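Structure, as structure tokens:
FYI, it's all coordinate maths here, none of it is from the lab. Here the structure is a predicted model, which is why all the values come from computation and not from measurement. All Cβ positions, glycine included, derive from the backbone under ideal geometry; neighbour counts span all protein chains shown.
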Amino acid sequence: MISKLHKPKLSTVQIINMSIGFLGIQTGFALQNGNASRILQTFGADVEHLSLFWLAAPITGMIVQPIIGYYSDRTWNKIGRRKPYFLIGAILTAIALILMPNAALFTAILPPLLVGAGMLTIMDASINVTMEPFRALVADNLPSSQRSLGFSVQTFIIGFGAVIGSWLPYVLTHYFGVEGTAAEGVIPLNVIYSFYCGAGILLLSILWTVLSTKEYNPTELASFEDASQEVEVEHRSGLFAIAADFRSMPKTMKQLGVVQFFSWFALFMMWVYTTPAIAEHIFYLKGGDKSKLYMDAANWVGVLFGIYNAVSAIYALFLAKIATKFGRKQTHAFSLAMGGLGLMSIFIIKDPNLLIIPMIGVGLAWGSILAMPYAILSDSLPAKKMGVYMGIFNFFITFPQIVCGFFGGYMIKIFFDSNSVYGILLAGVFMLLGSLSVLRIKDKI
């Protein structure tokens, strides 16, 4: 019998270099989360239809990530195994970031709302091409004992990037004098310039990871102890192989799928409806020009989203130690509960400054969502199929968003008279259900 080698531990600097590309990915993702609703509403989208436009993200993710995972498992060239995919995805995402806020320039060809939705779809597909290999890269390069640390470092970098993306419009307006309002049907300059900055940050950070990170080749990966799990010889290829892997997913993955459903349904509701909810529930109480108040609310939501991402980044520094002491599933359950209570508390808040408090709870939940499920999952997966299973796991992220996209807007319209703040309240309830479902998972730690 051939003895297996222990996968060497990486230094903190090596782990940071490996994940620095997420700084740019999340900067772009945060710009999308904080501004897509206002861009689409500027181009004429109704509140109850916003969730339908946001379906672009989960649908493209559901299709793209398993395919990218499957083929990245089977790729090896001069650039590497995972790196070619997130390099190509970064270039496409940067192009979409530049084009999306300028959708009105294409009105001679198509209606601006349709162009904006199209750019959103292209951006989401590109972000998914870039994002999926990063999860697998952490599992590829780190031994089991370092994976909680690896995903926590990744979460810290994600949080830091999201702070940059969330605060860019506010900072450009209040510190650099860039115009933050515009005529009806026009995107403000602070949003347009923010998307340009996001494109530049994305390309630079991805290049950093590509140039500074070594990947193990297939022979080296096969020699490590954590690759000793036997994998059936495949007689299928492409989509048929992905479907077969989906049917034979580990039990832990199925249990995590329930948690992910509740968590990501809640997140989707929050991203789609926070801006209109806060505008209607708090800012419109002041009276005055609703158009200006809506932009003020949207800029403040960017700040709030930056706060919860900053909290998640700080929380990520302690997650590995907390999980080691209390257990990964207990840590995740607590974090989701704090997020659920935070979201529900928005319903009773009337002062925009007090919204910082619930964002702390949301930050704890977001930090854990980005780390704990992947740390738990990676220990239950065969190393030879890490990429495809990380891609398939994305199904449990995209499916709840698709469900929410189709039914969330209609629920708010039918049951809550199109009052967006009830979408945030509902998000809190789902986050609490996610917290309860975590406790059913069987985890090694």
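Brief remarks on what is shown
- Ranked from largest, the principal axis spans of the Cα set of segment 246-314 equal 58, 26, 15 Å.
- Amide H contacts of F224: L5, each under 5 Å away and 5 or more positions distant or on a separate chain (H built 1.01 Å from N in the peptide plane; Pro and chain starts excluded).
- Ordering of 22-32, 314-324, 372-382 by burial proxy (mean other Cβ atoms within 10 Å per residue, highest first): 22-32, 372-382, 314-324
- Shown for segment 317-445: lysine pairs separated by 8 or more places, or found on different chains, whose C-alpha atoms are under 17 Å apart, numbering 6.
- Put in line by how crowded their Cβ is, counting other Cβ atoms within 10 Å and starting with the fewest, D351, D46 read D351, D46.
- Residue exposure sequence - H6, H174 - by fewest surrounding Cβ within 10 Å: H6, H174
- Largest GNM mean-square fluctuation across I412, I109, I349, computed for the chain with C-alpha springs under 10 Å, falls on I109.
- For segment 93-207, the Kirkwood radius over C-alpha pairs fed into Stokes-Einstein at 10 °C and 1.306 mPa s yields D = 99 µm² per second.
- At least 30 Å along the helix axis (C-alpha) and Kyte average at least 1.6, DSSP helices within the chain: 189-212
- Taken over the C-alpha atoms, segment 335-445 has Rg and Dmax values of 16.5, 52 angstrom.
- Longest to shortest principal axis, alpha-carbon extents of the chain, angstrom: 77, 45, 40
- When the charge dipole of the chain is built from unit charges on Cβ atoms (+1 for Lys and Arg, -1 for Asp and Glu) and taken about the Cα centre, the candidate among L97, I201, F53 whose Cα reaches farthest toward its positive end is I201.
- Measuring nothing but how far apart in sequence close Cα pairs (under 8 Å, 6+ apart) lie, relative to its length, segment 294-412 scores a relative contact order of 29 percent.
- Compactness check for segment 1-45: Cα Rg over 2.2 N^0.38 Å is 2.20.
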